Amino acid sequence: MGTDTKSYQSLAKSGIRSVLRYDLPASLVVFLVAVPLSLGIAVASGAPLAAGLIAAVVGGLVAGALGGSVVQVSGPAAGLSLVVAELVTTYGWRATCMITLMAGALQLLLGLFRVARAALAVSPAVVHGMLAGVGVVIALSQLHVVLGGSPQRSAIGNLIELPQQIIHNHSHAVFAGLLTIAVLVGWTRLPQRLRIVPAPLAALFVASATAGALGWDVTRVDLSQSLSEWATPIWPRGDWHGIVGAVLLVALLAGVESLLSTVATDKLHDGRRSDLDRELTAQGVANMVTGALGGLAIAGVIVRSTTNVRAGARSRWSTVMHGLWILVFAVCLGWTITLIPMEALAALLVFIGVQMVNLGHLRNLRGHGEIPIYVVTMGGVVLVGLAEGVLLGLGLAMLSALRRLTWITVRARPEPDGRWHVLIGGSLTFLGVPRLTSELHAVPAGAAVELDLNIDFMDNAAFEAIHTWRQDHERGGGTVDIDEIHDEWYAMAASGARMFPAKTPPRAPERWWLPWAHRRRGRPVPAGSLVPAQHPPAGSGPAVPDLLAGAREFHRRTAPLVRPFLLAMARKQEPSHLFITCADSRVVPNLITASGPGDLFTVRNIGNLVPRLGAAPPDDSVAAAIEYATDALNIRTITVCGHSGCGAMAALLSGHEKAQGLPALSRWLHHGNHSLARFIATEGDGVDDGPLDRLCRVNVIQQLENLRTYPQVDRLVRAGRLQLVGLYFDIGTARVHVLEQPPLTASPL
């Protein structure tokens, strides 16, 4: 009990030290960033300035403490400012607080029902386009405030009035806004030691100090009026359809922005991953609290979250403490806000709005063909409205997804040998049948056709089109060899298997790793250009057409994939392993080691034997491989791999009776006598195996010792430049074990 108490105290002290060392400094940095941004977003939202600070405090204390992300910072978000501004205009500020409270309750319910991940189904192009559109609207409206005027009701109106605003502006207050923007732009070019103060705070401080020192006629922030507007929420009056729509809009936009910010923040740190449902629940509670206290709507904010991570935050205490600092500032130092020129706050919003049009997102979207979705969403938000722009973007995203699902690639071309090669790729649905049949009927009658299907879906109409064309073509004297590269949609449909509701049907058992006999049971070996499968050459057994058909399958399917690697290795091999294994047909080295061309320098013989140096009868085949591998190829590992049920070991156990009549085999098996002697010596060691399989394992260990009789091998092993490994392949269970010596044990891979 005393030990547990000491451990708990040690962990508690360690946690406190981590908070003081990492989270406390990070919370101060985020606090300095959050205060000016919260004030600016309150201005853009048409809400009291105190509402921005309230939302920042609640975002830190409530969402930070309850959230599913340990480093995300929540607070008033610029992406919600247009919605809030419209609600304030329509229903008034106190009713907007009630809408925020109800939106929070909806978020809470969605989080409790664990539907948070559904928000990730929204196309990022729509989200980024929405934020860019909001940024444009904010920048255009607040630019008028910077110039000493008043913003218009729409982005188009702001754009039309902007030239007149510039021409007729003669106020010195514009310099406060221009100075703010200049500091924000130039701050990133200053030395790192000066940039310890966040750019927004520095810009507002410089603008406020300069305006006061030079006596500029600027509009000061009136915090007393803001506080007088702080009141409890009231029920909104008006059409209930509009109220419900407003609640849904705030809840969904704030929720989606928070969850996407959470996912993005997870990529910035190596700590515990976020619980999205818990995060959405916490956002709901926070919005209910901020709505009840008269604050702005809350969402997870990527800018403040990124600042938090980069400042070194390790836990949620950084977020919570930043909210506490904002509360202390608002209560004790709130009077300093009255020193800030409104033109400076507007300039900060202009800068934020421009930054929300992130060109980096365009580069990411271009590769996926989603720039039109981004542009349409942004244009809709700017020209029509936020909700309308988002709906336009979602509609275009769904149309784009539908187009991709129905887009197919069909290419038919003749080969030099007179055969036709047809490639069909994509998702085959009834919408693609006209193009599909048009291309297929362009193939001349009687031609030999290789049809490659690289598809991820096939409905009945597409199957019928291909199947009917194939039957008609074969009746006309042609041949059709169908190879399904991705999934066996055609083969499964032709067999009458049920295709619904699986997106990807079970694979038909026909791949390179299956024996030829198993593949012949599935369907006949396709006719090849080398040797027709149905007409074996005279005097040949069934393996000859299998071998030739396999080579043809390699040319068609595997060769294009491995050709670039083989081309690079055409002049020189650089394997890292010498792999000595049995000639048994059931042991496939590349299969059981998942290795590829150029990995293994392989020696195969009966019994995976390594004759000792100078042993009789003499045999240099294995010694030559060892010599070349260690001296010329500089391999780093020699592996001896045995297997269960080895026939060579069975012959040793029978006293060479099973090798009678095979003189060469009998002479070769003498190299296994040391393994047999070791087996007899360890017979009482208690290894729970049958005698044959135990001898197979003992034989691997003995061959590793035989390798040490070669001076170059022993020298490299002692120098730590070569490693010897023993493997045992249990054929019945398809398991590979690493053998250790001694004692004789195995650990499954």
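Throughout, read-outs are computed from the coordinates displayed, never taken from laboratory work. From a predicted model like this one, the values you see are computed outputs, not experimental measurements. Cβ atoms come from the backbone with ideal geometry, glycine included; neighbour counts cover every protein chain shown.
This model, with +1 at the C-beta of Lys and Arg and -1 at the C-beta of Asp and Glu, gives the stretch 6-127 a dipole about its Cα centre of some 540 debye. Go through 337, 420, 138 and say which Cα lies farthest out towards the positive end of the charge dipole of the chain; charges sit on Cβ, +1 for Lys and Arg, -1 for Asp and Glu. Farthest towards the positive end: 337. With the simple model of a label 7 Å out from the Cα in the direction of the Cβ, residue 113 to residue 193 spans 5.8 nm. Inter-label distance, residue 474 to residue 680: 6.3 nm, where each label sits 7 Å from its Cα along the C-beta direction. Taking the DSSP beta bridges with both ends in the stretch 355-454, the antiparallel portion is around 55 percent.
For the stretch 80-181, the equivalent ellipsoid derived from the alpha-carbon gyration tensor has semi-axes of 35, 17, 12 Å in decreasing order.
Only Cα pairs under 8 Å and 6+ residues apart enter the sum, and on that basis the relative contact order of the chain stands at 14 percent. Of [x] 27.6; [y] 32.8; [z] 28.7, which is the value of Kirkwood radius over Cα pairs in Å derived from the coordinates here? Among [x] 27.6; [y] 32.8; [z] 28.7, the one derived from this structure is [y].
Computed from the C-beta positions of residue 730 and residue 551 and an R0 of 35 Å, the FRET efficiency is 0.70 to the nearest 0.05. Report note on the peptides 37-50, 450-463, 182-195: ranked by the mean count of other C-beta atoms within 10 Å, highest first, their order is 37-50, 450-463, 182-195. Highest mean first, the peptides 55-64, 152-161 sorted by other C-beta atoms within 10 Å per residue fall in the order 55-64, 152-161. Placing +1 on each Lys and Arg Cβ and -1 on each Asp and Glu Cβ, with no other charges, gives the chain a dipole about its Cα centre of roughly 1040 debye. For the stretch 349-373 versus the stretch 377-453, the inter-centroid distance based on Cα atoms is 27 Å.
When the charge dipole of the chain is built from unit charges on Cβ atoms (+1 for Lys and Arg, -1 for Asp and Glu) and taken about the Cα centre, the candidate among 30, 192, 569 whose Cα reaches farthest toward its positive end is 192. The listed peptides 588-594, 692-698, ordered by packing as a protection proxy, come out as 692-698, 588-594 (highest mean of other Cβ atoms within 10 Å first).
Applying 1/(1 + (r/R0)^6) with r as the Cβ-Cβ distance of residue 421 and residue 366 and R0 = 51 angstrom yields a FRET efficiency of 0.95. Between the helical axis of 93-112 and the longest alpha-carbon principal axis of the chain there is an angle of about 20 degrees. Annotation: the antiparallel percentage among DSSP beta bridges lying fully within the chain is about 40. Gain on full extension, evaluated as 0.36 nm per residue between residue 90 and residue 213 minus their Cα-Cα distance, stands at 40.2 nm. Dividing the helix sum by the residues of the chain, where each DSSP H run of 4 or more adds -39500 (n - 2.57), gives a mean residue ellipticity at 222 nm of -17000 deg cm²/dmol.
The distance separating the Cα centre of the stretch 578-641 from that of the stretch 48-126 comes to 66 Å. A Förster distance of 56 Å, applied to the separation of the beta-carbon atoms of residue 182 and residue 401, puts the FRET efficiency at 0.80.
Relative to the current alpha-carbon distance between residue 120 and residue 712, full extension at 0.36 nm per residue lengthens the span by 207.1 nm.
Working from label points 7 Å from Cα in the Cα-to-Cβ sense, the residue 220 to residue 232 distance is 3.4 nm.
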